[in-house]
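First comes the structure, then the notes that go with it.
The values are calculated or read from the model by the stated rules, or taken from the named source; none is laboratory data. Just so we're clear, the structure is a prediction, and the values are computed from it rather than from any experiment. Heads up, the Cβs are rebuilt from the backbone with ideal geometry, glycines too, and the neighbour counts pull from every protein chain shown.
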Amino acid sequence: MIDERWDPEVEEIAQALRKLLAAECPRDEVRRAEEQERGASAALMAQLQAFGLTEMEGSAALFARTAFELGRALAPCPLVESMPVLALTGTPGVVWGHEGYFPAAADSAALATPDGLFRQPLPGGTPRRTTAGDFLTRAALSAEAVRIGDGALADRCARFALLTGAARLVGAGFALLDDTRTYACERQQFGRPIGAFQAIGHRLAAVAGDLDAAELLIRKAAFTAAPEQGGDGAPPMHFASMAWAKAVTATRHAATSAHQVFGGNGFAMDYDVQLFSRRIRVWAMRGPRADALLADLGRMVLDPQRRDALTLLWHHDRGIPLPRWAREADAVPGR
Amino acid sequence: MNFKPDAEDALFRDRLRRIAEDYGWPEMEALRAEIDRLDIERYAFSFQQRLAEARLIGITWPEPFGQSARVDQQFLMAEELETQGFPGYGLTTNQRGGGMILRNGTPEQIAEHLPKVVSGEYTYCQGLSEPGAGSDLLALKTSARREGDEYVVNGAKLWSSSAHVSTFTSLLVRTDPGGTRHKGLSLLLVPLDSPGITIQPVRVLGGWRVNAVFYDNVRVPAKNLVGAEGGGWAVITGNLDEERAMSFGGTETRLFCARLIHRLSGRAGELSDSDLRLLGHFVMELEADRLLYLRVGMQAQRGEDTSGSGPLSKVYGSELAQRFIEWACDLLGAETLFPEGDDILMRDMEEQLRVATVLTNIGGTSEVQRNIVANRYLGLPREPRG
């Protein structure tokens, strides 16, 4: 039977993680981590390691749901970046990416190249602080790199990273919407809570629609990753792209709207809006451009062979077939 | 978590798929001609009869009227109906009438109406909005005065889709002249051939007629009261929640998008990067819209509250349908300017450009839906009434 909800065992782990993060990763901890040398919280990392997150095994759905919680709490540690390699090779503590910037708090990285996936230690040197308050270090393929997989594995990691990255973004987006909703109920102007004004209510309703849509896309993308659905442990490219692109636009919408609803307070560093807003923008920019992924999706559906290979798009099992009458009616332009 | 229907989930969908295979373009063209003759939105009696013969009306109702199907099974069937391009309005409006009677009617009303709904004999429209009561539905003035075993109805209703071809209207009236807002409203099943009823066409942008229905001392048997006298608002809110859980545009847009994709198949090189991006964007948004819509169906199946998620889905799909068709017509160019023409896809796109304009109004405007999402889904305070 169709069921759009996360599996109960996945949800149980996510709720336990939420409880842990509520205790160990309050907003003050996020702020403190920004002052650390590598922008991460060693204490939180130890707690998450004890929880089992650093050596977790399981489905793409479990990783995505977990990434959502880490995003929701703005957890200052490079766990989401290490999920692709952990999930697909079983190797913990290796952050994934292309040549460029990696989280400075990690010790080693897996670099994706057309020739395969290469693991190497992350270089020392001075990490650079990003707008989000975390720290990145630049890495290119080095002589120390060891090939740990072929191009297919690198491709799977890329698709997996889109899924978990999207989940982290959307987790942050929902937490920010919760904060904004609470503020709109409490903040009084013109003799009433500002949430009673349609200008505020309609704006937040639109954000809720976008975030719900993004989260449901993540669920379905995680579902399509399962081998029993024809997946290879990571979502197929069309679902990975859709999950990421929607997460980027939905969370930017949430961040912009939160600033507007909080008014001047939303720009004050004492308020938490900026903690979310900065991370949402940086996390989105560290991934591939959503527009480029969507353009490729457009090319994909216009290529008959690639289109016929699409799985589970919309209500179809495979491809994008037309009803019989439409095949006949539309077959000859100008008929 | 499972997004792939199994054989049991798809039982009724697959029955519909088998019917759909009988419709090549000549058969669909004949259906469309019937719709034109009826002068009505996506409603063909012959197709409604085909559904009745296949026992596909009211499938979620308990036996002996329906087949005790699950809501998700009905969801998949309704989705198939729209994405195959069949006229589905008759099914939804008649099921809404029957469902209202099943939830609120007397045993006698249920025994009379339900068998005739599933056989296709009885058909229903709604009588809610009035010239002075649109989004503010509770400002309605149509009255019903009790006289012995009858009610005497006076007033006017507007935007009554399919009133000119329906057997009954579900008429929301004020039975307590002293009542205000939702107090003192009642729901009457009024036969549309009753003396004193005048039905006038109102032409709309989509190309069909809706109706203004005038009631001049119309006598309605008191046994046609649905629910308690004065309890009409509770009866009709069940209908409105059901209506808001319908797809308004998103589902049918998948078919338009699929037809566009097939028309442009192999021609990506002719599209700008901007249009390729927008095509990918709409493929993504249509998937997102389906998931929001599907969630409402699954929540309904589980008995969960859909009064917030339904409107959220409605706004998302209806606004998406408008954005898509505007872009698609821009992309396809001049042939979509003309209601008449040889190219069926272009003609259909032109029609949809007009049809889609109403999607953000019917079933409650986007503004009303966003109010509901803000209040019921997000828990924001209501705006004080003036």
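Looking at the stretch B:291-305, which of the residues that are surrounded by 22 or more Cβ atoms within 10 Å (Cβ to Cβ), out of contact with any Gly (no Cβ under 7 Å at 6 or more places or on another chain) and of a type outside the set (A, V, I, L, M, F, W, C) is farthest from the other protein chains (Cβ to nearest Cβ)?
Ranking the candidates gives B:G297 first.
Here's a check for you: in the stretch B:21-52, which residue that is buried (at least 18 other Cβ atoms within 10 Å of the Cβ) and small (G, A, S) is farthest from the other protein chains (Cβ to nearest Cβ)?
B:A52
Looking at B:L260, B:L278, B:L271, can you tell me which residue is surrounded by fewer than 20 Cβ atoms within 10 Å (Cβ to Cβ), more than 15 Å from A:H315 (Cβ to Cβ) and modelled with pLDDT of 95 or more?
The unique qualifying residue is B:L271.
Please identify the pairs in which a residue from the stretch A:194-208 that is more than 13 Å from A:F262 (Cα to Cα) and more than 7 Å from every other protein chain (Cβ to nearest Cβ) has its Cβ atom under 6 Å from the Cβ atom of a residue that is acidic (D, E) and in a helix (DSSP H, G or I), counting only partners at least 6 apart or on another chain.
none
Return the total of residues in the stretch A:1-51 being buried (at least 17 other Cβ atoms within 10 Å of the Cβ), among the charged types (D, E, K, R) and without any contact (Cβ under 8 Å) to a residue 40 or more places away in the chain.
Qualifying residue count, the stretch A:1-51: 1.
Suppose we keep only residues that are under 18 Å from the mean Cα position of the chain (by Cα), assigned to a helix (DSSP H, G or I) and hydrophobic (A, V, I, L, M, F, W, C) within the stretch B:31-51. Which one would you say is farthest from B:V165 (Cα to Cα)?
The selected residue is B:L51.
Working only within the stretch A:52-67, note down all residues that are assigned to a helix (DSSP H, G or I) and surrounded by fewer than 15 Cβ atoms within 10 Å (Cβ to Cβ).
A:E55
When you go through B:M298, B:M246, B:M284 one by one, which is the residue that is closer than 30 Å to A:P323 by Cα and touching a strand residue (DSSP E or B) at 6+ places or on another chain (Cβ under 9 Å)?
Being closer than 30 Å to A:P323 by Cα and touching a strand residue (DSSP E or B) at 6+ places or on another chain (Cβ under 9 Å) holds for just one of B:M298, B:M246, B:M284, which is B:M298.
Kindly provide the set of residues from the stretch A:78-100 that are farther than 18 Å from A:R279 by Cα and part of a loop (DSSP other than H, G, I, E, B), ordered by number.
Scanning the stretch A:78-100 gives A:G90, A:T91, A:P92, A:G93, A:H98, A:E99.
Which condition does A:F190 not pass, out of (1) at pLDDT 95 or above; (2) within 12 Å of another protein chain (Cβ to nearest Cβ); (3) within 30 Å of B:V368 (Cβ to Cβ), if it passes all the others?
(1)
Looking only at the stretch B:68-89, count how many residues are in contact (Cβ under 8 Å) with a residue 24 or more places away in the chain, away from chain A (no Cβ under 13 Å) and part of a loop (DSSP other than H, G, I, E, B).
The number of residues fulfilling the criteria is 1.
For the stretch B:188-305, which helices (runs of 4 or more DSSP H) that fit wholly inside it have 2 or more residues that are more than 29 Å from B:F168 (Cα to Cα)?
B:250-263, B:273-301
If I filter the stretch B:324-332 for residues that are over 28 Å from B:R203 (Cβ atoms), more than 19 Å from the chain's Cα centre (by Cα) and either within 13 Å of chain A (Cβ to nearest Cβ) or among the β-branched types (V, I, T) (or both), do I get at least one hit?
yes
Kindly indicate which of A:L117, A:L153, A:L169, A:L136 is away from chain B (no Cβ under 14 Å), at pLDDT below 95 and either part of a helix (DSSP H, G or I) or under 25 Å from A:A292 (Cβ atoms) (or both).
Just a single option satisfies the conditions, and that option is A:L136.
Pairs under 8 Å by beta carbon, first residue modelled with pLDDT under 95 and surrounded by fewer than 18 Cβ atoms within 10 Å (Cβ to Cβ) in the stretch A:257-275, partner not charged (D, E, K, R) and not in a helix (DSSP H, G or I), six or more apart or different chains?
A:N265/A:Y271
Table: residues versus (1) within 26 Å of B:G364 (Cβ to Cβ); (2) buried (at least 22 other Cβ atoms within 10 Å of the Cβ); (3) touching a helix residue (DSSP H, G or I) at 6+ places or on another chain (Cβ under 9 Å).
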site	(1), (2), (3)
B:G184	yes, no, yes
B:D193	no, no, no
B:I199	yes, no, yes
B:V235	yes, yes, yes
B:G249	yes, yes, yes
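Please indicate, with yes or no, whether at least one residue in the stretch A:87-106 is within 14 Å of chain B (Cβ to nearest Cβ) and either on the phi < 0 side of the Ramachandran plot or aromatic (F, W, Y) (or both).
No, every residue in the stretch A:87-106 fails to be within 14 Å of chain B (Cβ to nearest Cβ) and either on the phi < 0 side of the Ramachandran plot or aromatic (F, W, Y) (or both).
So in the stretch A:166-181, with the set limited to residues that are farther than 11 Å from A:R65 by Cα and within 10 Å of the chain's Cα centre (by Cα), which one is surrounded by the most Cβ atoms within 10 Å (Cβ to Cβ)?
Among those that are farther than 11 Å from A:R65 by Cα and within 10 Å of the chain's Cα centre (by Cα), it is A:L169.
Which of the residues belonging to the stretch A:318-335 are part of a loop (DSSP other than H, G, I, E, B) and either more than 7 Å from chain B (Cβ to nearest Cβ) or crowded, with 18+ Cβ neighbours inside 10 Å (or both)?
Matches in the stretch A:318-335: A:G319, A:I320, A:P321, A:L322, A:P323, A:A331, A:V332.
Would you check if there is a residue in the stretch B:311-328 being of a type in the set (D, E) and surrounded by fewer than 23 Cβ atoms within 10 Å (Cβ to Cβ)?
yes
How about the stretch A:296-317: which of its residues are among the aliphatic types (A, V, I, L, M), facing chain B (nearest Cβ under 9 Å) and out of contact with any Gly (no Cβ under 6 Å at 6 or more places or on another chain)?
Listed by number, the residues that qualify are A:M300, A:V301, A:L302, A:L312, A:L313.
Give me the residue from the stretch A:246-278 that is more than 25 Å from A:I194 (Cβ to Cβ) and not β-branched (V, I, T) and, out of that set, farthest from the chain's Cα centre (by Cα).
A:K246
For B:P107, indicate whether it is surrounded by fewer than 17 Cβ atoms within 10 Å (Cβ to Cβ) and touching a residue at least 12 places away in the same chain (Cβ under 8 Å).
No, not satisfied.
Report the residue count in the stretch B:343-386 for those that are touching a Pro at 6+ places or on another chain (Cβ under 9 Å) and farther than 21 Å from A:A205 by Cβ.
7
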